[in-house]
1. Any residue in the range 24-48 that's farther than 19 Å from residue 149 by Cα: show its pairings with residues that are among the small types (Gly, Ala, Ser) and exposed (fewer than 12 other Cβ atoms within 10 Å of the Cβ) at Cβ separation under 9 Å, as long as the two are six or more apart or on different chains.
2. Can you pull out the residues in the range 184-210 that are part of a strand (DSSP E or B) and either polar (S, T, N, Q) or over 17 Å from residue 225 (Cβ atoms) (or both)?
3. Identify the residue in the range 38-62 that is within 12 Å of the chain's Cα centre (by Cα) and polar (S, T, N, Q) and, among all such residues, is surrounded by the fewest Cβ atoms within 10 Å (Cβ to Cβ).
4. With the condition kept exactly as written, say whether any residue in the range 92-102 is at pLDDT below 95 and either among the basic types (Lys, Arg) or surrounded by fewer than 23 Cβ atoms within 10 Å (Cβ to Cβ) (or both).
5. Would you confirm whether or not the range 86-101 contains a residue that is basic (Lys, Arg), within 15 Å of residue 69 (Cα to Cα) and within 15 Å of the chain's Cα centre (by Cα)?
Amino acid sequence: MGLDSEGLAIQHDGTRLVTSEFEPSVRRYDRRGKLLGQLPVPENLTTHRITNRTFEGLTLAGRTLTASMEGWLTTDGTDTRRFQTWRRGHQGEFRVDRQFAYMGDIGYGISEIAAIGDGRLLVLERSFNDTVGWTAHLYVADPRRATDVSKVTDLADRDPRVRIASKTLVAKLEECPSLDAPTRFPVQAAPLVGNVEGMAITGRRHGVLRLTLVADDDQSPAAITRLYRLDVRLPRR
């Protein structure tokens with residue numbers, strides 16, 4: 001079975017939880033990298049997946065683990081993304097919990113998520129096209145009133161009573177100052193931006209989050225691996 005590791009969450013005991021976007025899967029490893037097992041994954045996320053467009057983001061908040069699908073299911077609309085959650089029991093085991101829907105920007109995939117700590121999530125969406133190159137948008141999503149769609153087969157023509165997670169834009173990386181950053185892409189309107197795939201909250205103060213992001217060079221000579229520090233102000237709940 002293929003393995004394309006993407007998301008990472010670390011528990012207090014040092015156990016690593018790692019997503020793979022190929023199957024999809026969430027694997028558990030100990031501190032030394034020994035495989036301990038895999039979390040159960042709902043059948044709809046495996047049966048109707050697009051290969052290598054599944055679990056890209058992962059975040060842990062308290063006892064709730066959340067994974068985000070980079071792309072859509074074949075039964076859903078192309079802008080719909082599903083988020084899957086698990087609940088950790090007192091013995092450390094994870095059981096499948098609710099699934100909710102999120103509408104991505106047209107042409108964008110979800111590359112990472114991070115729990116804010118109040119029930120909301122930071123969602124990083126990024127895209128590439130031949131006209132402007134890489135772009136990346138950062139949203140605050142609120143899934144607390146979203147409908148559990150684990151039993152909903154088709155979200156393309158969803159019942160209007162199905163509530164999706166709300167989203168509020170907090171930053172467009174292509175609109176940030178370029179800081180005279182070089183670029184090797186033939187077409188890249190915002191030279192500072194690349195394939196931004198990683199994100200972590202590294203500080204917070206008075207409603208402002210300090211973030212560290214990373215752009216992956218994809219082992220391409222035309223790309224540059226970059227680390228970004230970004231401060232964003234949270235919208236009111």
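The values are calculated or read from the model by the stated rules, or taken from the named source; none is laboratory data. Please read all numbers here as calculations on a predicted model, not as lab measurements. Quick reminder, even Gly has a Cβ in these numbers, built from the backbone with ideal geometry, and neighbours come from all protein chains shown. We work out accessible area using only protein heavy atoms, side chains counted, and drop any ligands, DNA or RNA first. Shrake-Rupley method; radii C 1.70, N 1.55, O 1.52, S 1.80 Å.
1. From residues that are farther than 19 Å from residue 149 by Cα, the pairs are 27/37; 28/37; 30/14; 31/14.
2. 195, 201, 202, 203, 204, 205, 208, 209, 210
3. Among those residues, the one meeting the criterion is 59.
4. Step one: list which residues in the range 92-102 are at pLDDT below 95, which gives 92-93.
Among the residues that remain, those that are also either among the basic types (Lys, Arg) or surrounded by fewer than 23 Cβ atoms within 10 Å (Cβ to Cβ) (or both) are: 92-93.
Scanning the range 92-102 turns up at least one residue that is at pLDDT below 95 and either among the basic types (Lys, Arg) or surrounded by fewer than 23 Cβ atoms within 10 Å (Cβ to Cβ) (or both).
5. no
Condition check ((1) in contact with a helix residue (DSSP H, G or I) (Cβ under 7 Å, 6 or more places away or on another chain); (2) open to solvent by 50 Å² or more (accessible area, probe 1.4 Å); (3) under 30 Å from residue 45 (Cβ atoms); (4) assigned to a loop (DSSP other than H, G, I, E, B)) across all residues:
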residue	(1), (2), (3), (4)
125	no, no, yes, no
128	no, yes, yes, no
140	no, no, yes, no
146	no, no, yes, yes
179	no, yes, no, yes
182	no, yes, no, yes
215	no, no, yes, no
